[in-house]
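Input: a single structure, listed below in structure tokens.
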Amino acid sequence: MLNRRNLLKTSLTAGAAILPSGSVLHDLKGSHTEYSILTDADRSPVEIVTLPRRLASLDPTTLPWQQRIRRVGQTNMTEYDGAAMKVEQWADYWHAAKADIVFVSVTGILAFYPSTVKFHRHGKFLEHRDLFGECVSAAKKRGMRVVARMSPDLNWPDALAAHPEWAMRRRDGSVQHNNEDPRLFQTCMFSSYMDDYIPAIMREVSSLYDVDCFYTNGWPPLGSLPDCHCAICSKLPPSDTPAYWRVFTNRVLELWRTYDAIAKQKKPDCFFFANSGGNVRGGPNLNDLSKVSAWFQADNQGRTYDDPVIWGCSLQGRVCSAVLDGKFAANVTAAYSTGSPGWRNVSKSPEETRMWLNETLAGGMVPYLHFVGAENGFGEDRRWQQVGTDYFRWTAQHDAHLTGRRSIANIGVVIGQSTQLLYPGPGSTRSRSYMHETTQGIYHALLQGRFAFDFVHEDRLDPEHISRYRALLLPNVAMLSDRQCQQLRDYVRSGGSLMASFETSLYDEDLKPRADFGLAELMGASKAGRVIGTNGNAYSVRIESAGASQPHALLDGCNNTTWLAGAQNRTPLKAVEEPLLTVVPGFVRYPPELAYPTEPHTSEPAVVLGESGPSRTVWFSGDIERTYWLTGHGDLLRLLHNAIRWVSHDERIVHVEGPGFLEMFCWETGPGYAVHLLNYTNPAAQHGWLHELDPLGPQTITVRLPSGVAVKSVELLKAQQRRPFAMPEQLLRFTVPALDDYEVAAITVQ
Ligand SMILES: [Zn+2]
């Protein structure tokens with residue numbers, strides 16, 4: 001039987017020791033440990049500081065120009081706009097809406113200017129018109145900057161006939177065509193299409209027009225990795241493998257740098273950027289991308305069939321914050337109808353559009369409004385226009401308060417991008433939705449508990465990025481390298497706390513399974529067998545300490561029962577001393593005559609706890625976050641909430657008390673701080689669109705501020721009213737009397 005206390009002590013002792021190069025550590029059972037030994041140079045002491053001093057003041061005029069952009073507009077041009085677009089009307093609209101920059105289509109599929117690049121087909125309504133040039137002039141005349149928008153993902157049969165090597169191929173060699181218009185073939189990003197054709201267009205545009213940056217839509221692919229079997233790609237590692245992901249990321253970075261260099265040839269402050277917003281799944285490694293990206297373009301325009309929840313945009317904001325260190329990010333809000341089926345040229349409801357824009361701001365991104373088809377938009381459906389104008393004008397009154405410099409959350413959720421993209425689910429599940437469900441489970445639980453949290457990329461587990469978190473949560477972060485495991489050990493040794501679940505750290509960065517969890521020793525949880533799923537009833541967990549006079553904090557609220565719901569799947573663990581919860585294995589659900597446990601009491605732990613000084617660890621053997629998402633079971637939610645409160649010492653830097661289901665962000669800003677509240681208390685929160693609002697009653701907000709910070713005023717930016725406040729011992733307290741869809745409490749400090 002493993003002894004939790006001894007294991008932790010061993011871990012601490014080994015971690016603190018200076019060992020000769022090449023040393024191999026052994027655990028208590030003598031088996032080879034999974035972690036590498038870092039040199040002293042790799043180690044820097046972590047000091048957990050969850051309430052850092054305010055950042056030094058910053059003169060915004062010294063920032064790169066794109067970081068001063070606060071509003072982005074795009075009327076996405078269609079081929080027909082070559083005949084019909086009224087350029088002055090278009091420019092007047094965005095100028096009146098106070099857009100700082102507009103996207104104008106160059107494209108690559110259809111030229112919107114008289115291009116001479118071979119295979120850059122002119123739109124059939126363009127005639128000899130230079131629509132792109134007219135738009136650039138009209139925008140510049142009004143003081144708006146211009147993004148030259150391109151699409152390198154598709155081209156026409158004449159290009160394919162001349163360059164068969166440009167096409168993405170299936171395994172049988174056939175060409176991959178666009179699903180909706182099969183005349184268009186899909187171009188391969190490893191082919192010379194990206195090395196020759198796209199740069200030729202960029203150079204031509206750069207020579208003819210004064211643009212501020214170049215952008216590629218439709219590339220790189222988001223959400224899943226491309227599956228191409230052309231002559232080049234067939235020599236690469238198989239798609240959806242860690243090795244391919246690295247090759248893919250490197251190719252993206254190579255092209256990105258090439259395009260950026262072309263952009264800079266004419267103007268040094270011009271740059272290139274590409275589509276990046278695939279939420280936690282992303283496409284290329286987002287941490288690597290952040291090193292080259294001057295503009296993170298989150299193309300996450302609205303709810304989709306696969307992702308119908310209202311918080312999709314704010315979740316994207318947390319992804320951006322995880323990798324950008326305050327660099328620029330914009331999220332596209334479709335004013336048109338997203339979903340499946342969708343309507344590209346019909347407005348969505350104003351309430352839904354506004355909530356997506358609210359989430360963009362709350363999540364720390366810049367709002368960007370998008371409609372498809374200038375003529376359709378201005379001539380047919382004009383309902384979206386006033387929504388955009390009103391919203392943008394409101395933001396323009398409050399830019400300083402709406403520009404977050406740093407989140408002050410004290411809980412970090414490790415998003416595990418490689419796990420999201422590459423881990424196939426446990427056992428025979430092989431479901432691409434497995435991690436999606438896991439993410440939604442932890443996200444929903446955190447919102448329900450009103451926790452202030454950030455996302456943390458797994459490649460940013462260094463002290464600089466995690467020392468401000470009291471606790472890190474690892475919701476089935478299955479893939480972690482030896483180095484990442486070591487970084488987590490260092491974090492815990494320095495006083496940080498962890499909550500982890502299921503198969504966390506069971507695989508390395510190459511998806512190679514380990515014999516035991518990479519974090520086994522740290523967490524005191526050791527694998528005892530393969531994943532066990534469910535046949536009928538899911539398993540339950542028995543409260544071993546039921547009836548104790550002082551139950552553990554993890555069991556708060558678990559009264560009048562000796563067992564609770566367990567998760568759907570679990571990785572069985574070796575026994576530990578004095579387990580808090582043990583597993584009652586699953587049994588049949590039907591027939592009810594047999595719906596009772598054949599093995600009502602085991603010694604298999606369902607949760608393993610550890611505590612050493614300020615560090616606390618919780619390991620759930622089940623896929624608790626995902627099962628909570630699938631079922632909504634209150635026992636699972638309670639266990640998650642209790643565990644998060646316990647590992648974080650219930651240290652609430654920001655706390656919002658009141659009725660309803662809402663999401664909360666708190667940012668340090670130039671003038672002070674800003675607490676954003678998003679009201680999701682709505683029958684359409686998890687499906688469809690918002691069509692009406694369900695206002696909430698008073699919310700009482702407390703914010704713990706660093707010593708020496710004094711508050712001058714608290715103002716509600718939507719309600720446009722100042723609020724009285726109190727601040728005993730640096731704990732700022734005030735009330736938001738009512739909450740429609742969104743409120744920003746702007747705190748100005750002295
Ligand atoms: Zn290919």
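General observations
- Amide N proximity, the stretch 262-291 versus residue 210 label position 7 Å along Cα-to-Cβ, cut-off under 19 Å: 263-271
- Counted charge near residue 736, where neighbours are those whose Cβ lies closer than 10 Å (Asp, Glu -1; Lys, Arg +1): +1
- Distance between modelled label sites at residue 700 and residue 224, nm, 7 Å Cα→Cβ extension: 5.0
- Paramagnetic label zone (point 7 Å from Cα along Cα-to-C-beta, residue 96; backbone N under 12 Å) in the stretch 370-394: 385-390
- Placing pseudo-labels 7 Å out from each Cα toward the beta carbon at residue 578 and residue 464 gives an inter-label distance of 4.2 nm.
- For the residue pairs 266/291; 140/291; 98/291; 118/291; 86/718, alpha carbon separations beyond 24 Å are given by 140/291; 98/291; 118/291; 86/718.
- Estimated FRET transfer efficiency when R0 is 25 angstrom, pair residue 589-residue 559 (beta carbons, to 0.05): 0.45
- Of the beta bridges in the chain, as assigned by DSSP with both residues counted there, near 55 percent are antiparallel.
- Contour excess over end-to-end distance, with Cα ends at residue 83 and residue 241 and 0.36 nm allotted per residue: 52.3 nm
- Aspartates and glutamates whose Cα lies under 13 Å from that of residue 512, excluding same-chain neighbours fewer than 8 positions away: 34, 482, 503
- Neighbourhood charge, 11 Å Cβ-Cβ cut-off, centred on residue 648 and excluding it, Lys, Arg +1 and Asp, Glu -1: +2
- Model label zone, residue 740; criterion: amide N under 15 Å from point 7 Å along Cα-to-beta-carbon; scope the stretch 690-721: 691-697, 716-721
- The residues neighbouring residue 66, those whose beta-carbon lies less than 14 Å from its own, together hold a net charge of +3 under the Lys/Arg +1, Asp/Glu -1 convention.
- Segment residue 390..residue 515, full-extension length gain: 39.2 nm, with 0.36 nm per residue of separation and the alpha-carbon distance subtracted.
- Estimated purely from DSSP H runs of n ≥ 4, each contributing -39500 (n - 2.57), the mean residue ellipticity at 222 nm for the chain is -7500 deg cm²/dmol once divided by its residues.
- Here the residues 219, 343, ranked from fewest to most Cβ neighbours within 10 Å of their Cβ, fall in the order 343, 219.
- With both residues required to sit in the stretch 66-396, DSSP beta bridges show an antiparallel share near 20%.
- The simple Förster model, with R0 at 30 Å and r as the Cβ-Cβ distance, assigns residue 269 and residue 56 a FRET efficiency of 0.80.
- Cα-based reach from residue 235 at 18 Å (exclusive), listing aspartates and glutamates while leaving out same-chain residues under 8 positions away: 165, 172, 227
- Note on residue 142 and residue 343: the model spin-label points, each 7 Å out from Cα along the C-beta direction, lie 2.6 nm apart.
- Between residue 710 and residue 47, the C-beta separation translates, for a Förster distance of 25 Å, into a calculated FRET efficiency of about 0.50.
Read-outs throughout are calculated quantities, based only on the coordinates presented, and are distinct from any laboratory measurement. Quick caveat: nothing in here was measured; it's all calculated off a predicted structure. All Cβ positions, even for glycine, are placed from backbone atoms using ideal geometry, and neighbour counts span all protein chains on display.
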